[in-house]
Amino acid sequence: MNLAIRDIRYHRGRFILTTIGLGLLLGVVISMGGIYRGLSADALAVLESTRADIWVVQQDTNGPFAESSRIPEDSKYRIKSVPGVAEASPLSFQTIQIERQGKPFRFFLIGYDLNGLGGPSEILAGRDIRQKHYEMVVGKSMKMGIGEKIHLGLHDYTIVGITGKVVSSGGDAVAYVSLADAQDIQFKKDNDAIRNDRERIGDNLAGIRILSPVQTKYLKQNIAAISESTHTVNTVVARLMPGANLHEVQERISRWNHFHPISAEEQIRIMTKGMIEKARMQIGLFRVILLVISAVIISLIIYTSTIDKIKVIATLKLIGAQNRVIIGMILQQSLLMGVIAYFIGYGLILLTYEKFPRRIVLEAFDLQVLFVIVIVISMGSSFVGIRKALKVEPAEALGG
Amino acid sequence: MGEIKYAIEVENLTKIYGKGVTAVTAIADATLQVKPGELVALLGPSGSGKTTLLTSIGLINEPTHGKVVIDGTMVADEGWVPGLDLKRLRREKLGFIFQAHNLIPFLTALENVMIALEINHMTRKEATVRATELLESLNLGHRLYNYPSALSGGEAQRVAIARAMANKPKVILADEPTAALDTENGKNVMALLKKLAVENNSAILVVTHDHRMVEGFDRIFHVNDGRLVN
């Protein structure tokens, strides 16, 4: 006869409520693990969707995600000419926050060369960007429809395609425009600013007496063109030819002034060890604390349940029940509570994880490890109850 | 193997709690024998030592001195006999009835009897048959699947008696079995114990201070200040 099941059946209300409470707690533990995996996945999503071998950024920086980086767009030609490089494409990144339907609307905008690397990896609806200007592909999580317009910088952009759930390292949904549009949005000045700049340049040149009016006009046009140029990017990504030596290509680019070639592997390390390390530790600590709380709760429940059953245990001992009968009753209850709570927590997260504001990634390995931890905690927690039960004297069954 | 004359034999049993100046003698030089089928009372006021004597015979409380023999097996001789499995002996040779029935609250009446049988290695099927028969013989056939909380005091005590009788023990020890019952139910329980003692040829030793119930006993021992008087 299974005494644990009989006890649970009799006190089912208490058991169900306790197990649901514990299940919610374990659900939080599971979601914490999922958030951590989600952080890693988010941090690497853009990186992985680009599928570049080398990220060339501004010298002495670890850009473009961990630090700010600006390099000239035309450096792509130099990089493409390096032996072993198959493709080189400039990319522009910027986080944008605007008002939409009266609410803050935040996303990560990627500008890419329409014939190069770094564009949307999949199109779920609509199409890719085909025109050089004013078209946009947005992430599914931005919840925008094909044909909708969004005003950025000086222009309106039309949504022509919907891509998957790629997000930035900050968890913001990703949108794509052409590189030229992204540069305009990021760097193009409005007409007043352009007029002011031109006047200032003209005034400064007019003060130089040795210049002829023709020279002054020529210089003014050239300086204005430079100051108004938007041909700056955050990185140039390169893909190598099959069999090309990554280190040789890196070595060659790093010999140039002003550039820092970062391999995809190094970029992953920068992202995971640098950007999300503290968040990872924080979440890890929370998980440990929650598991300790779960252990304390199970211990307390099992201990108080054992105290409630002192007379029962004493009676069982008096009628000759073996210790294994009593240990089995306590251990099985503890294990049942832990296992059922685990599946309640797991089921809860499975039903809700897509509704979390940040990505939750449930990895089978994490779930299996947590399951083993829950089993160990349940067994460990039952120890206090078992210890108490084994100390109960059969004589305690006597008396009123 | 010859017939065993006494189910319970106690010789010069002494139980002393504590040591030195704090030592308290709960029972001193107690000697008694109970034959199979006999219903015997240990009568005395609270604190007289009757429960100490009962627990020493019940293999719960180790005697300081003296001998205890249960169903022909020497269990105590100046302390427990080394190598004895007291739990197994309690399971096989003894049955217990308590003042407050001590039924397991989360088991039905049937399961409360079955647990004693299953602990003693009886199969589920056999235990169900035996427990059902026992409870039906005690007019509890309609209460098989009721929890103790749904039973009256008298019914609960009859289930406790069924549990004590389940393994057909040679000795039944009852600690104030009528204390929680009204006179009528108390008398019914005593009559039932008397009947079972005869039917099963079991020795039943009942601790009580309830003078209302003394009529049915074959013999009565008085316990006073740790001394046993026949």
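Couple of notes before you dig in:
- Of A:S40, A:A66, A:T50, farthest towards positive along the dipole that unit charges on Lys, Arg, Asp, Glu beta carbons give segment A:26-76: A:S40
- Selected from B:V40, B:V21, B:V214 as most flexible by GNM, with chain B as the system and alpha-carbon contacts under 10 Å: B:V21
- Placing +1 on the Cβ of every Lys and Arg and -1 on the Cβ of every Asp and Glu, with nothing else charged, gives the protein assembly as shown a dipole about its Cα centre of roughly 420 debye.
- The separation of segment A:281-359 from segment B:47-102, counted between C-alpha centres, amounts to 38 Å.
- Lysines with Cα under 26 Å of A:K278, excluding same-chain neighbours fewer than 8 positions away: A:K165, A:K355
- Only protein heavy atoms count here; under a 1.4 Å probe, A:M241 has an accessible surface of about 90 Å².
- Heavy atoms of A:R127: accessible area, 1.4 Å probe, square angstrom to 10: 60 Å²
- Semi-axis lengths, Å, segment A:237-279, gyration tensor of Cα atoms, sqrt of 5 times eigenvalues: 24, 14, 7
- Note on the protein assembly as shown: dipole from Cβ charges, positive end direction compared against A:Q183, A:L291, A:N2; the farthest Cα belongs to A:Q183.
- Remark: spin-label model distance A:R14-B:N224 equals 4.6 nm, labels positioned 7 Å along the Cα→Cβ axis.
- Most positive-pole-ward Cα, A:A244, A:A206, A:I327, against dipole of chain A from beta carbon charges: A:I327
- If R0 is taken as 41 Å, the Cβ-Cβ distance between A:K143 and A:D197 corresponds to a FRET efficiency of 0.55.
- FRET efficiency for A:V369 and A:W256, using Cβ-Cβ distance with R0 set to 56 Å, rounded to 0.05: 0.75
- Accessible heavy-atom area order of A:W55, A:W256, highest first, probe of 1.4 Å: A:W256, A:W55
- For segment A:87-94, 3J(HN,Hα) computed residue by residue from phi via the Karplus equation (6.51, -1.76, 1.60; θ = phi - 60°) reads 9, 9, 9, x, 9, 10, 10, 7 Hz, glycine and proline entered as x.
- Average silhouette area of the protein assembly as shown, convex hull of alpha-carbon atoms, in square nanometres: 48.3 nm²
- Charge dipole (Cα centre; +1 on Lys/Arg Cβ, -1 on Asp/Glu Cβ; no other charges) of chain B amounts to roughly 260 debye.
- Tensor-based shape of segment B:87-177 (alpha-carbon gyration tensor, a/c under 1.5 rounded, otherwise prolate or oblate): oblate
- Among the GluC sites (Glu not before Pro) in segment B:43-133, those placed in a DSSP loop whose Cβ has at most 16 other Cβ atoms within 10 Å are B:E78.
- The slack in the chain from A:D128 to A:N245, taken as 0.36 nm per residue of separation less the alpha-carbon distance, amounts to 38.9 nm.
- In this Cβ point-charge picture (+1 for Lys and Arg, -1 for Asp and Glu), segment B:133-174 has a dipole of about 180 debye about its Cα centre.
- Taking 31 Å as the limit for the C-alpha separation, the pairs A:K76/A:K103; B:K87/B:K194; A:K388/B:K125 exceed it in the case of A:K76/A:K103; A:K388/B:K125.
- Antiparallel %, DSSP beta bridges [both residues in the protein assembly as shown], to 5: 65 percent
- Cα gyration tensor, segment A:85-239 - rounded (a/c under 1.5), prolate or oblate: prolate
- Cα centroid separation, segment A:143-197 to segment A:1-38 (Å): 47 Å
- Oblate is the label for segment A:114-156, because the ratio a/c of its alpha-carbon gyration tensor axes (a ≥ b ≥ c) is 1.5 or higher and a/b is not greater than b/c.
- Expected 222 nm ellipticity per residue - DSSP helices of 4 or more, -39500 (n - 2.57), all of chain A, to 500: -17500 deg cm²/dmol
- Across chain A, the relative contact order, built from alpha-carbon pairs under 8 Å that are at least six residues apart, equals 28 percent.
- Exposed-loop-free span, longest in chain A, where GluC sites (Glu not before Pro) count as exposed if DSSP calls them loop and at most 15 other C-beta atoms lie within 10 Å: A:149-362
- Accessible-area value, A:T235, 1.4 Å probe, nucleic acids and ligands omitted, Å²: 0 Å²
- Rolling a 1.4 Å probe over the protein heavy atoms gives the protein assembly as shown an accessible area of 48 Å² per residue.
- Cα pair distances in segment B:50-204, grouped into 5 Å bins until the bin that holds the longest one, percent each: 2, 10, 18, 21, 20, 14, 9, 5, 1, 0
- Long-range HN-HN contacts of A:V233 with modeled amide H, under 5 Å: A:I71, A:E73
The values are calculated or read from the model by the stated rules, or taken from the named source; none is laboratory data. Because the structure is predicted, anything quoted here is derived from the model rather than measured. Neighbour counts are summed over all protein chains in view; Cβ atoms, including those assigned to glycine, are modelled from backbone coordinates with ideal geometry. Calculation scope for accessible area: heavy atoms of the full protein, side chains included, ligands and nucleic acids excluded. Shrake-Rupley method; radii C 1.70, N 1.55, O 1.52, S 1.80 Å.
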